[in-house]
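The values are calculated or read from the model by the stated rules, or taken from the named source; none is laboratory data. Predicted model, so just to flag it, every value in this text is computed and none were measured. Glycine gets a Cβ as well: all are built from the backbone with ideal geometry, and neighbour counts include every protein chain shown.
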Amino acid sequence: MALRPIRSADAPLLREIFADAIESQAPGLYTPDQIRAWTSLAWLPGVLDRLFRDGDGWISGEGAAFAMRQPQDRLALLYCRGRASRQGHGTALVKRIECDARADGLAHIHAEASLLSRPLLERCGWRFLRHETFTVAGVPFEHHRMERQLHS
């Protein structure tokens, strides 16, 4: 799987992948209100700007998927376009993020996983810690706090 580092000029592409991933894969797992609220984050000014600017990450394929760490011990974003799902992009990105974290000397990495990403993270050896609730634009969500121990 071809991966390349995310560059600052990639922000529009990351927004497209983010929105496509939610719109194409969340139906059936999330309500229409949740999908609208979550997708809106891609386009609202300032919401993802700092993360895109300060995070470290990778793009898979020709804009099929991406993953970012921010801060260094947190998998902050992992999104894959619906047309590219279940083709290994997510696994390749998670493994690369873990490799980067190990290279940075980290003992573990954590994430707040959606219903979409939890199964992938579990297949990659991540451990579920707890459920957490939060809101986006007044719409309630639940995510799953997860952790991966990084052994040398």
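Before moving on, here are some points about what is shown:
- Number of the exception - K95 against (1) over 19 Å from M146 (Cα atoms); (2) among the charged types (D, E, K, R); (3) in a helix (DSSP H, G or I): (1)
- The sole residue among A11, A2 that is surrounded by fewer than 17 Cβ atoms within 10 Å (Cβ to Cβ) and touching an Asp or Glu at 6+ places or on another chain (Cβ under 8 Å) is A11.
- Options A84, A113, A137: the member that is small (G, A, S), over 20 Å from L3 (Cβ atoms) and over 12 Å from the mean Cα position of the chain (by Cα): A137
- Qualifying positions in region 1-57 - farther than 18 Å from F141 by Cα, in a strand (DSSP E or B) and out of contact with any Ser or Thr (no Cβ under 6 Å at 6 or more places or on another chain): R4, P5, D56, G57
- Taking every residue in region 96-123 that is in contact (Cβ under 8 Å) with a residue 24 or more places away in the chain and on the phi > 0 side of the Ramachandran plot and pairing it with any residue that is β-branched (V, I, T) and assigned to a loop (DSSP other than H, G, I, E, B), at least 6 positions away or on another chain, yields no pair with a Cβ-Cβ distance below 8 Å.
- Search result, residues across region 72-92 that are in a helix (DSSP H, G or I) and among the aliphatic types (A, V, I, L, M): A84, A92
- Cβ-Cβ contacts under 9 Å between residues 6 or more apart (or on different chains), taken from a first residue in region 13-32 that is of a type in the set (K, R) to a second residue that is surrounded by fewer than 14 Cβ atoms within 10 Å (Cβ to Cβ), are listed as R15/W43.
- Some residue of region 52-75 being modelled with pLDDT under 95, touching a Leu at 6+ places or on another chain (Cβ under 9 Å) and of a type in the set (V, I, T): no
- In the set R53, R83, only one residue is surrounded by fewer than 17 Cβ atoms within 10 Å (Cβ to Cβ), among the basic types (K, R), within 14 Å of A19 (Cα to Cα) and in contact (Cβ under 8 Å) with a residue 12 or more places away in the chain; that residue is R83.
- Boolean, T31 is loosely packed, with under 15 Cβ neighbours inside 10 Å and β-branched (V, I, T): yes
- Subset of region 58-71 that is part of a strand (DSSP E or B) and either touching a Phe, Trp or Tyr at 6+ places or on another chain (Cβ under 7 Å) or free of Cβ contacts under 8 Å to residues at least 60 places away in the same chain (or both) - its residue that is surrounded by the fewest Cβ atoms within 10 Å (Cβ to Cβ): W58
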